[in-house]
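Everything on this sheet refers to the single structure shown next.
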Amino acid sequence: MWNLRRPTYCDFVTYASIFLRASLIGLSQPRSPACSSLVKHAWRKSVCPRRYVVLVCAFLLLLMVPAGTPAQQPTAEPTIHRNSLLEGPPATAPATERLASVTGTVLDESGASVSGADVSLLPRDGTQSHMMVSGAGGEFSFIAILPGSYFVIVNAKGFALFTSAELVVAAQQTYEVPGVSLSLAGMNSEVTVHPTDVIAAEQVRAEEKQRLVGILPNFYTSYVPDAAPLTWKQKFALATRGTFDPVAMVGVGFAAGMEQATNSFAGYGQGAEGYGKRFAAKFADGRSSDYLTHAIFPTLLHQDPRYYYQGSGTMKSRLMHAIGSAFFTRGDDGRTEPNYSYVLGDMCSGALSNLYYPQANRGAHLVFSNAAVGLAGRVGGNILREFLPKHSTTNVPEERTP
């Protein structure tokens, strides 16, 4: 019989170090021309150098996880580093003299004004748009906007959607949009081609209104099978919108209450102070996980953080699609690839949790347990997205007919 023992954290670090050293030596060892050609070909087919660097850096971050403190040692009061995770640089208001304005009048083909039309001023980079309704004379005016490139999109009942050419607005300029003329719906034979990031911005705005049973955020479900890829700004904006949603904050409070009731992480203590520490820890866990899995790693690895609704086929195929989406995702180029963003994001979020969890609970086990909980949550969330009736989500786009 073999004498088996449970591997320790030091064993994990030793094996990881040997693995990394062997990988780096293997990359630097001289090879024959034939072997070198095969290695280069395999390298290009498997993963790009940038992705390899990101994977190694993430793994090194995990190696920095403390091995834990014996139970008999005195535990110091944990310090929760909220600022580094939750607070960004102070926002500064733009100087008034740099602001500009965009005005115009919505007309129909006969030259009559169109009132009550929804007018959107969309930045070229796909960031937050400005919206208003045209006045009684069809007029609209966007004031105190930053200089830059914009599109004007007009949507009025009974008329075809209007999209202007790109507008370049300078500082202190009052730009008047020419030729905002709407044609009747179904009568417009002109095809307008929108830039990809503009299409993505419109789709993101629609996704931000999606809620299961009108309450639970469902922002990361795409009901458009060929959705446009997100820019890095849109990935960060969507992550911010989802992670700070009021419903998410209620979930944090509920999870902290459950931990308080079961006395999980006893080092936090009880009472109001213990609940506050648990709330802060759960808040930091969720925010770091959301940003790492939905914004930071998807940007670095060029992956789409959204779940793509299948909605058809057998129950088995839909179940396999929901579970598999936690492990495979769509790249920004449309290809299916391993979901490094979710796996690395959950692991690194678990590593960061060692900064603020009680000393007795820190170590590799905390990393892997938090990562397992995050992965299980994503699988369960994907199954709910797939099998809850589509009409139970608000603002779902209508299916397009081929």
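What's the extension gain from Arg98 to Val373 if we count 0.36 nm per residue and subtract their Cα-Cα distance?
Using 0.36 nm per residue and subtracting the Cα-Cα distance, I get 94.2 nm.
For Ser264 and Glu166, what is the calculated FRET efficiency with R₀ set at 45 Å and r taken between the beta-carbons, to the nearest 0.05?
In this case the efficiency is close to 0.25.
Which order results if Phe328, Phe140, Phe236 are arranged by neighbouring Cβ count within 10 Å, fewest first?
Phe328, Phe236, Phe140
Please check which bits of region 106-123 a label hung off Ser183 would reach, taking the label as a point 7 Å along Cα-to-C-beta and the cut-off as backbone N under 12 Å.
Residues 109 fall inside that zone.
Rank the residues Leu184, Leu300 as a footprinting-exposure proxy: fewest other Cβ atoms within 10 Å of their Cβ go first.
Leu184, Leu300
Test of understanding: ordering Lys235, Lys282, Lys277 by Cβ neighbours within 10 Å, fewest first, what list do you get?
Arranged by neighbour count, lowest to highest, Lys235, Lys282, Lys277 become Lys282, Lys277, Lys235.
Values quoted throughout were computed directly from the atomic coordinates according to the rules given, and no laboratory measurement underlies them. Bear in mind that the values here come from a model prediction, so they are computed numbers and not experimental data. In this analysis, Cβ positions are derived from the backbone assuming ideal geometry, glycine residues included, and neighbour counts consider all displayed protein chains.
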